[in-house]
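Below is one structure, written out as structure tokens, with a few remarks after it.
The values are calculated or read from the model by the stated rules, or taken from the named source; none is laboratory data. Small disclaimer: the values here were computed from a predicted structure and weren't measured. No Cβ is skipped: glycine too gets one built from the backbone with ideal geometry, and neighbour counts run over all protein chains shown. Side chains are part of the model used for accessible areas, which takes the heavy atoms of the whole protein and leaves out ligands, DNA and RNA. Shrake-Rupley method; radii C 1.70, N 1.55, O 1.52, S 1.80 Å.
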Number of protein chains: 2
Amino acid sequence: MSRIYNFNAGPAVLPLEVIEEAQRELVDFRGTGMSLLESSHRAKAYDAVHNEAIANLRELLGIPEDYAVLFLQGGASTQFSMIPMNLLLPGTSADYVNSGSWASKAVKEAQKVGAVNVIANTAKDIPTRIPAMETLKFTPGAAYVHITSNETIAGAQWKAFPKTEAPLVADMSSDILSRPFDVKDFGLIYAGAQKNLGPSGVTLVIVRKDLAEKAPAGLPTMLDYRTHIEANSLYNTPPTFGIYLLALVTRWVKKVGKENLFKQNVEKAARLYAAIDASGGFFKGTAVPECRSDMNVTFRIFPDGANASEEMEKKFVAEATAAGFAGLKGHRSVGGLRASIYNAFPPQGVDDLVAFMADFQKKNG
Amino acid sequence: MSRIYNFNAGPAVLPLEVIEEAQRELVDFRGTGMSLLESSHRAKAYDAVHNEAIANLRELLGIPEDYAVLFLQGGASTQFSMIPMNLLLPGTSADYVNSGSWASKAVKEAQKVGAVNVIANTAKDIPTRIPAMETLKFTPGAAYVHITSNETIAGAQWKAFPKTEAPLVADMSSDILSRPFDVKDFGLIYAGAQKNLGPSGVTLVIVRKDLAEKAPAGLPTMLDYRTHIEANSLYNTPPTFGIYLLALVTRWVKKVGKENLFKQNVEKAARLYAAIDASGGFFKGTAVPECRSDMNVTFRIFPDGANASEEMEKKFVAEATAAGFAGLKGHRSVGGLRASIYNAFPPQGVDDLVAFMADFQKKNG
């Protein structure tokens, strides 16, 4: 097998040993005589998987007992609606920080439910950035404050989180479990699994139970966090195979050591940004330096040092793809280039990309 | 490997060759140098999978072009809310046939959204049954009529579908693609994939596009069918691996021949019901004969011919499990026994169960 370097933004690279383990036990799952794909979600074999996934997350993220760990469906996009439906109580308002494409979507859905104060807006800023902490004016009595910890498309990341009086709600889809943070600083955290946690089709929600308890009556059952808290995410059939892979990925994080991965993530990103900065303006990062994401490194090519060239970027993507670097095209909404380097992305792949970039510049600069 | 007979109601048995195929290509998907689990949902390799899944369903179910084929998340339970949010327009009402546990849940969610007429109710009938066609009094001008084609828990199934003036909406989770029907008789069909189509985590929705177009403005984006119709189910990241398995399962149905499977399904169920009826009252089916499900065969044990014995049923389940028949326990809400025998369940397993039942009766009757 010739495994390529996979810079996809999500679904994204997974640890090879996790995929190999899943392959080994795919047909006969741990001696049950059937695939886990065929196992009832009420069966003992699946139950062990489900509970291991929760226990691993509790251990790795230090999730206290007064927070529920839920496995839902529908992605972060469904959470954009579910959060205000549950937490934006009648007569209150919520603060939203609009830091990019994903935050904008969260704002739009919340506005359908209730009163929203966009307390900062850098969504259209070029270079991309997260609003500066000191500019945030929180609304007294807000139901919650919503942020997007890492803008996957813009490649901008909060480097520290605000201390808020209202519960802090964070979309951590693209950087959960990639760096240290304290769950207790948040009221609710959510993340699509398909970046650092597993495959697509599972949405992790970590929610302080007392917040969920205050939701209005009469919500659609599946959109009420209480349903899933009470049933331990087994109210209806969960995405069992995705949760199984999440259990394997978190088991791998435990084995490798989360601190080692956190350190490695910083180093991988630093090496790539250093190469960009050392290119004399041929490559330029699209985010301001203090907000550069360690997960999604976004950059463009300026062949003449002044104007970005879509044509040259196309050439870069084509030649990179041919050389075994997949997924380097920027998001279709913004263009440019993007290297997503999540937990499972190997450091060697960053070094090889840096060498490829230098070579590309030599030929085209 | 000792593969057991898997009578689980869902997630349920899948064709062995599908699982083996998935195993073979799990680490390096069709020469892409990565697992499909790691592939972007915008990549060519996944695109082919996505479109094959849709094309296979269109061909096998004869879905006309004016119907959309959608892959959503959240299971039938989410559709219970999404359907009235989209189709139960202000000022109208919807007819619901309450035929059991699943229909009851659909009714409950619809009532949160708008006016619901329960036009027939057999939910608590023992023996379990579907309301007789001639008793149905449809409401003139209803927005739609909702039925549950097969009650997985009760083991009762509509043997023919009503002709309705209002669009007919059907939860076909547990019998889609198991027998012939005409999509054109329906306005919307939905099904969790985890019975006849694939693993859990994918919900199939087949909807007449003009109905979806009439939905109110301002719905949560993810709960608006139009979002997914316009984006071909790629508005956000879909459950890619589940859709891949659905593509493989439908490919298998095409290979085996749907007519062969439909015939085999009738024969498997007939053999099992015949064994129940020939037991002299030791085993008794829980549904009235004219509504007996070909997918979920529900029955109980009457050791003395008069009273069902939970103790004897426990013994049956324990001994059956030990003998390699898994998942025969009835749903926790109703007890008793249930043999789910979907498309992928092998006929030999039915014959072996029939033999096991005769032997069990000999020892305990």
Label distances, nm, A:Ala306 versus same residue in remaining copies, Cβ-directed 7 Å point: 10.2
Give the longest segment of chain B that steers clear of GluC sites (Glu not before Pro) in DSSP loops with at most 14 neighbouring Cβ atoms within 10 Å, not counting the sites themselves. B:166-365
Rolling a 1.4 angstrom probe over the protein heavy atoms, how many square angstrom per residue are accessible across chain A? 36 Å²
Over the range B:303-353, what per residue volume does the convex hull of the Cα atoms give, in whole Å³? 100 Å³
Shielding of A:238-248 by other chains, given as the mean Cβ count within 10 Å, works out to 4
Based on DSSP, what percent of beta bridges with both residues in the range A:92-201 are antiparallel, to the nearest 5? 10 percent
Which trypsin sites (Lys or Arg not before Pro) from the range A:155-201 combine a DSSP loop assignment with at most 14 other Cβ atoms within 10 Å? A:Lys159, A:Lys163
Any chance you could tell me what percent of the C-alpha pair distances in the range B:258-364 go past 19 Å? 39 percent
Relative contact order for the range B:263-365: what percent, with Cα pairs under 8 Å and sequence separation of 6 or more? 30 percent
How large are Rg and Dmax for the protein assembly as shown when calculated on the C-alpha trace, in angstrom? 26.7, 92
Percent relative contact order for chain A, counting Cα pairs under 8 Å at least six residues apart, stands at 22 percent
So, with a 1.4 angstrom probe, what is the percent of accessible area on the protein assembly as shown that is carbon and sulfur? 54 percent
Charge tally for neighbours of A:Val145 with beta carbon under 13 Å away, counting Lys, Arg as +1 and Asp, Glu as -1, is -2
Estimated [θ] at 222 nm from DSSP helical runs (n ≥ 4, -39500 (n - 2.57)) normalised by residues in the protein assembly as shown, nearest 500: -11500 deg cm²/dmol
Isotropic mean projected area of the C-alpha convex hull, the range B:203-298 (nm²): 9.8 nm²
What gaps in nm, shortest first, separate A:Asn364 from its twins in the other copies when you place the label 7 Å past Cα toward the beta carbon? 7.2
Debye, to nearest 20: dipole size of the protein assembly as shown, +1 on Lys, Arg Cβ, -1 on Asp, Glu Cβ: 120 debye
For B:36-47, what's the mean count of beta carbons from other chains sitting within 10 Å of each residue's beta carbon? 6
Report, for the protein assembly as shown, the % of DSSP beta bridges that are antiparallel, rounded to 5. 55 percent
Could you tell me the convex hull volume per residue, in Å³, taken over the Cα atoms of the range A:21-119? 169 Å³
For chain B, return all DSSP H helices satisfying: extent of Cα atoms along own axis at least 20 Å; mean Kyte-Doolittle hydropathy at least 0.0. B:240-256
How far apart are the B:Asp352 label points across copies, placing each 7 Å from Cα toward Cβ, in nm, shortest first? 4.5
Just the Cα atoms of chain B: what Rg and Dmax do they give in Å? 21.0, 64
Ignoring ligands, DNA and RNA, the residues of the range A:63-100 whose accessible area with a 1.4 Å probe is reduced by 50 Å² or more relative to the chain alone are A:Gln73, A:Ser77
Could you state how much accessible area is buried at the B-A interface, both sides summed, with a 1.4 Å probe, in Å² to the nearest 100? 4700 Å²
